[in-house]
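The values are calculated or read from the model by the stated rules, or taken from the named source; none is laboratory data. Nothing here was measured: the structure is a model prediction, and the numbers come from that model. So basically every Cβ, Gly included, is an ideal-geometry build from the backbone, and we count neighbours across all protein chains shown.
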Amino acid sequence: MRRFSRTATRSPSCRRYRAAEAVGCERHSDVRLLTSPFAPAEEIASFARAKPESGGVVSFIGQVREGDGVEALELQHYEPLTLPAMEKLAVSVHRRWDLDGVLIVHRSGVMVPGDPIVLVAAAARHRRDAFAAADFAMDHLKSESWFWKREKRGGEWHWIEPREQDFDDIARWG
Amino acid sequence: MSLNLVFLGRLEDVAGSGKLSVPVLPCIDAVIDSLDPSLGQALKAPRVKLAVNGILVQDTDAPVLKDGDEIAFLPPVSGG
């Protein structure tokens with residue numbers, strides 16, 4: 001587990017709300033790539049608790065879908081690219097909206113139906129920014145992040161190709 | 001004196017392994033040509049991206065390779 005701590009450019013929201021505190025957005029981003037299971041509810045609770053100034057916390061949990069004979073899902077990542085790109089995404093989300101914090105937790109490795117894959121949460125003074133930021137982060141994670149997926153069906157692994165829908169989703173943000 | 005090749009996603013199946021160590025050759029094109037032709041063809045597919053030592057490269061002819069370099073072959077991502 002690694003906390004997001006590299007130097008990042010401060011977003012307008014940080015300058016507006018926290019100039020006096022002289023802290024950067026990097027302190028408000030928590031980006032992790034995990035190879036073992038995690039508990040989304042606990043992550044959301046501690047994220048929200050740490051942001052008492054936020055009027056809204058929006059979260060999204062992606063989990064392994066049951067059905068279609070799927071026995072397992074495996075996500076593969078490439079160490080030098082995957083986490084750095086997730087950290088970069090958190091910075092761009094911070095730059096785009098007035099946020100108090102961003103949380104991105106993503107699994108890699110083998111999972112079974114019902115297991116959480118990804119958790120994205122955004123905290124803001126007002127809900128609109130939080131909704132939009134979480135939506136934006138998910139669309140970008142789905143189509144641009146460095147993960148390769150395969151499903152196990154009938155005892156055999158099958159690689160999953162990119163979905164056209166994911167590219168359409170990301171195009172909404174211009 | 002060797003290069004470390006990394007195959008992600010379905011390329012791992014084509015290569016038969018996620019990693020392969022090969023002798024140092026001056027450029028990526030030469031490395032690909034030294035491999036099994038069916039693997040070489042899969043690696044040359046237009047949507048396969050390349051990273052040398054964790055940095056994406058555009059041109060397979062450009063980087064001069066040296067001992068210990070890691071070349072990753074990245075097929076289209078299937079997303080998170």
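For the reader, a short list of remarks on this structure follows.
- Among the residues listed as A:GLU156, A:GLU164, A:GLU151, the single one being in contact with a Leu (Cβ under 7 Å, 6 or more places away or on another chain), within 25 Å of B:ARG47 (Cβ to Cβ) and among the charged types (D, E, K, R): A:GLU151
- For B:LYS44, the conditions (1) within 10 Å of another protein chain (Cβ to nearest Cβ); (2) under 11 Å from the mean Cα position of the chain (by Cα); (3) without any contact (Cβ under 8 Å) to a residue 24 or more places away in the chain are fulfilled apart from (1).
- So A:ALA48, is it in contact with a Ser or Thr (Cβ under 9 Å, 6 or more places away or on another chain) and either in a strand (DSSP E or B) or under 30 Å from B:ALA51 (Cα atoms) (or both): no
- Hits in region A:105-137 (condition: over 21 Å from A:GLY55 (Cβ atoms) and surrounded by 18 or more Cβ atoms within 10 Å (Cβ to Cβ)): A:VAL105, A:HIS106, A:ARG107, A:SER108, A:PRO116, A:ILE117, A:VAL118
- Among the residues of region B:1-56, those identified as farther than 24 Å from A:ILE160 by Cβ, in contact with a Pro (Cβ under 8 Å, 6 or more places away or on another chain) and buried (at least 16 other Cβ atoms within 10 Å of the Cβ) are B:LEU3, B:ILE28, B:VAL52.
- For region A:118-140, the set of residues classified as under 24 Å from A:SER36 (Cβ atoms) and in contact with a helix residue (DSSP H, G or I) (Cβ under 7 Å, 6 or more places away or on another chain) consists of A:VAL118, A:LEU119, A:VAL120, A:ALA121, A:ALA137, listed by residue number.
- Count of region A:64-109 residues, restricted to those that are within 14 Å of A:ALA134 (Cα to Cα) and among the hydrophobic types (A, V, I, L, M, F, W, C), is 11.
- Residues that are assigned to a loop (DSSP other than H, G, I, E, B), under 11 Å from the mean Cα position of the chain (by Cα) and within 10 Å of chain A (Cβ to nearest Cβ) within region B:54-80 comprise just one, B:PRO75.
- Matching residues, region A:41-73, being surrounded by fewer than 18 Cβ atoms within 10 Å (Cβ to Cβ), within 29 Å of B:GLY9 (Cα to Cα) and not β-branched (Val, Ile, Thr): A:PHE60, A:GLY62, A:GLN63, A:ARG65, A:GLU66, A:GLY67, A:ASP68, A:GLY69, A:GLU71, A:ALA72
- Residues of region A:125-174 that turn out to be closer than 17 Å to A:GLU74 by Cβ, in contact with a Gly (Cβ under 7 Å, 6 or more places away or on another chain) and away from every other protein chain (no Cβ under 14 Å), as a count: 2
- Of the residues making up region A:148-168, those that are surrounded by fewer than 18 Cβ atoms within 10 Å (Cβ to Cβ) and in a helix (DSSP H, G or I) are A:GLU164, A:GLN165, A:PHE167, A:ASP168.
- A residue that is part of a strand (DSSP E or B) and either modelled with pLDDT under 95 or not basic (Lys, Arg) (or both) can be found somewhere in region A:9-30.
- Scope region A:51-79; condition in a strand (DSSP E or B) and either closer than 30 Å to B:VAL52 by Cα or β-branched (Val, Ile, Thr) (or both); matching residues: A:VAL57, A:VAL58, A:ILE61, A:VAL70, A:LEU73, A:GLU74, A:LEU75, A:GLN76, A:HIS77
- Screening region A:48-98 for residues that are in contact (Cβ under 8 Å) with a residue 60 or more places away in the chain and among the β-branched types (Val, Ile, Thr) and picking the one that is nearest to the other protein chains (Cβ to nearest Cβ) gives A:THR82.
- Selection from region B:8-41 of residues that are touching a residue at least 24 places away in the same chain (Cβ under 8 Å) and within 10 Å of chain A (Cβ to nearest Cβ): B:LEU8, B:GLY9, B:ARG10, B:LEU11
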